[in-house]
Amino acid sequence: NRAVTEAERRRHEYVTLEHLLYAILRDATGRVVLRGCGVDIEALGGALEDYFEGQLESLPEGEAEAPEPTVALQRVLQRTLVHAQSAAQSAVDSGDILAALMLEENSYARYLLAHQGISRLDIVSFISHGMEQGSAPAFEASPSPDLDDSGDDMPRAADPLAASATNLVARAAEGKID
């Protein structure tokens, strides 16, 4: 819905994957996933703004047509829903959509993410290990001075290995096991 609203606001004829990625940037879960994968949120937002301004034409002022979804957008949403069904998920979130988006090879949205060094594997790994099931991010327990440098106060995801495993060497050093 946010992607459609953004396309309408900009008077674009089509809702594209770039509109979808732009909407994901405005979604809390989407920002956690992107940041957890190492995406520079501000740079990505700026690149999308440049794309909208320079590459997509706006409809003339008097025309108020609802934008149509592109075939690529429909494929990504269909892929997301099929994956959710096969994984017995009751809902999908931005991370699932991002993973499906990365399968669209001829997409500028995918290019922008890949340009920042992000792969589909990074997204899937973060979803699988960096977030608790049900899309609630696994955050560090206390505020940390190493919040990202974008200036907002969203914490980074905790180390998934530390969250799901016991460090036996550390326990032995503390004398808790022999």
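The values are calculated or read from the model by the stated rules, or taken from the named source; none is laboratory data. As the structure is a computational prediction, the values presented were derived from the model and not from experiment. Counting neighbours? That spans all protein chains shown, and the Cβs are built from the backbone with ideal geometry, glycine included. Side chains included, ligands, DNA and RNA excluded: accessible areas come from the protein's heavy atoms. Shrake-Rupley method; radii C 1.70, N 1.55, O 1.52, S 1.80 Å.
Annotation note: Cβ proximity below 8 Å between a residue of the stretch 25-36 that is free of Cβ contacts under 8 Å to residues at least 40 places away in the same chain and a residue that is open to solvent by less than 30 Å² (accessible area, probe 1.4 Å) and aliphatic (A, V, I, L, M) (sequence gap 6+ or interchain) occurs for Leu25/Leu34; Leu25/Ile41; Leu25/Leu44; Leu25/Leu48. There is at least one residue in the stretch 105-122 that is open to solvent by 50 Å² or more (accessible area, probe 1.4 Å), small (Gly, Ala, Ser), at positive phi and at pLDDT 90 or above. I'd like to know if the stretch 53-64 contains one or more residues that are assigned to a helix (DSSP H, G or I) and within 18 Å of the chain's Cα centre (by Cα). No, because not a single residue in the stretch 53-64 is assigned to a helix (DSSP H, G or I) and within 18 Å of the chain's Cα centre (by Cα).
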